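Working notes for the structure below.
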Amino acid sequence: MPQFLMGLGFITFTATVVIVGDYVLKLAADRGHGAFSVAVGLGVLLYAVSALLWFAAMRHLTLGQAGVAYSMLTLVALALIGALFFGERLGLRECAGIGCALTAMLLMVRVG
């Protein structure tokens, strides 16, 4: 169990870093920044850091568990950020997708 929780912690931190990177890149895109702007560079740097965190998570979780947890966390967070900060619509299809992601996470958890 401690291995799983350690891995889940790494995945949560990895997803948080990527989510911040995605937010920075979305702001840069919406503001018309070029590919070599500071904002895009920061987004790329955050993605690079997340790759190192992902490597650490792989020591504690199966690839399937890590993939589902990461996908679920980023899907939910980015959908909410899109709706709250960028005025994007969360319709029935998006809500159903979030529900499926949460269900997948529950199915993939192996304790013990």
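The numbers here are math on the coordinates, done by the rules we state, and not lab data. Predicted model, so just to flag it, every value in this text is computed and none were measured. Positions of Cβ are backbone-derived with ideal geometry, glycine not excepted, and every protein chain shown enters the neighbour counts.
Details
- Residue-wise HN-Hα coupling along the range 71-86, computed from phi with Karplus coefficients 6.51, -1.76, 1.60 (Hz; x: Gly, Pro): 4, 5, 4, 5, 4, 5, 5, 5, 5, 5, 4, x, 6, 7, 9, 10
- Gyration tensor (alpha-carbon) shape descriptor, the range 37-101, a/c threshold 1.5: oblate
- Over the chain, dividing the summed -39,500 (n - 2.57) contributions of all DSSP H runs of at least 4 residues by the number of residues returns a 222 nm mean residue ellipticity of -28000 deg cm²/dmol.
- Whole-number percent relative contact order across the range 62-112, with pairs defined as alpha carbons under 8 Å at least 6 apart: 53
- For the range 39-47, backbone phi angles converted through the Karplus equation (6.51, -1.76, 1.60; θ = phi - 60°) give residue-by-residue couplings of 4, 5, x, 5, x, 5, 4, 4, 5 Hz, Gly and Pro being listed as x.
- Measuring gaps between exposed loop sites in the chain (chymotrypsin sites (Phe, Trp or Tyr not before Pro); DSSP loop; at most 12 other Cβ atoms within 10 Å), the longest gap, sites not included, is 37-85.
- Residues whose placed amide H lies under 5 Å from that of residue 88, excluding near-sequence neighbours: 83
- Rel. contact order, % - alpha carbon contacts under 8 angstrom, at least six apart, the chain: 34
- Residue-wise HN-Hα coupling along the range 6-17, computed from phi with Karplus coefficients 6.51, -1.76, 1.60 (Hz; x: Gly, Pro): 4, x, 5, x, 4, 5, 5, 5, 4, 4, 5, 4
- Note on the chain: with charges restricted to the Cβ of Lys and Arg (+1) and Asp and Glu (-1), its dipole about the Cα centre is near 140 debye.
- Three-way shape label, the chain, alpha-carbon gyration tensor, a/c 1.5: oblate
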